[in-house]
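Q: Pasting a structure below so you can have a look.
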Amino acid sequence: MAPDSYADWRDRLATANNPAFWPITAIDAELEAGRAQFWACETAALVTRVVDYPGSARACEALAGAGDMAGLVDVIAPQVEQWASENGCTHLLIAGREGWRRVHSDWRHHQTILLREL
């Protein structure tokens, strides 16, 4: 049986982010409170949330993704895009590894986030 529940993907999603920013317990809480959405196909999973910005933008932001890139890009992303559009989002947002720029070469580069630990 293909993994299709959050419980099936939770351990892999836990390694998607630096836990100082998004520990898996915070993602658990966002999902439990209904502030985040879980998406899955046979080979990948994604957690998103909607963020309303003061300047009127409403973005569907990817919080954590796991699995193969084809599942994320070809299967899950179109579902997220449709859902986001139907729910008033004006943007999709991915803040993640540099590899996302190569995968989404048709997206406009808006901002790069650099982090230096003190």
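The values are calculated or read from the model by the stated rules, or taken from the named source; none is laboratory data. The structure presented is a predicted model; accordingly, all values stated were derived computationally and were not measured. Cβ placement follows ideal geometry from the backbone for every residue including glycine, while neighbour counts extend to all protein chains displayed. Calculation scope for accessible area: heavy atoms of the full protein, side chains included, ligands and nucleic acids excluded. Shrake-Rupley method; radii C 1.70, N 1.55, O 1.52, S 1.80 Å.
Q: Take each uninterrupted DSSP H stretch in the chain, measure its Cα extent along the helix axis, and return the ones at 30 Å or beyond whose mean Kyte-Doolittle hydropathy is at least -1.0.
A: Details: long enough: none.
Counting only whole DSSP H runs, no helix qualifies.
Q: Per residue, how much space in cubic angstrom lies within the convex hull of the C-alpha atoms of segment 36-82? Before the final figure, lay out each step's value.
A: Numbers: hull volume 3.0 nm³, N = 47.
So the per-residue hull volume is 64 Å³.
Q: Out of residues 5 or more away from Ala14 or on other chains, whose amide H comes under 5 Å of its own, with H placed 1.01 Å from N in the peptide plane?
A: none
Q: What 222 nm value per residue comes from the helices of the chain, counting each DSSP H run with n ≥ 4 as -39,500 (n - 2.57) and dividing by all residues, nearest 500 deg cm²/dmol? Don't jump to the answer; show the numbers that get you there.
A: Numbers: 4 runs with 32 residues, N = 118.
Calculated from helices alone, the mean residue ellipticity at 222 nm is -7500 deg cm²/dmol.
Q: Using a 1.4 angstrom probe, figure out how much accessible area the chain has per residue, in square angstrom, rounded to the nearest whole. Intermediate values should be presented prior to the final figure.
A: Values: 7960 Å² over 118 residues.
Per-residue accessible area for the chain comes out at 67 Å².
Q: Could you quote the convex hull projected area for segment 1-106, Cα atoms only and averaged over all directions, in nm²?
A: On the way: hull surface 28.6 nm².
Reported value for the Cα convex hull: 7.1 nm².
Q: Filter the chymotrypsin sites (Phe, Trp or Tyr not before Pro) in segment 1-42 to those in DSSP coil with at most 16 other Cβ atoms within 10 Å of their Cβ, and list the result.
A: On the way: sites: Tyr6, Trp9, Phe21, Phe38, Trp39; in loops: Phe21.
Listed in order of number, the matching sites are Phe21.
Q: How many nm separate the modelled label positions at Arg102 and Glu81, each set 7 Å beyond the Cα in the direction of the Cβ?
A: 2.1 nm
Q: To check you understand DSSP bridge types, tell me what percent of the beta bridges within segment 1-107 (both residues inside) are antiparallel, rounded to 5. Please list the in-between numbers first.
A: Details: 14 of 18 bridges.
Close to 80 percent.
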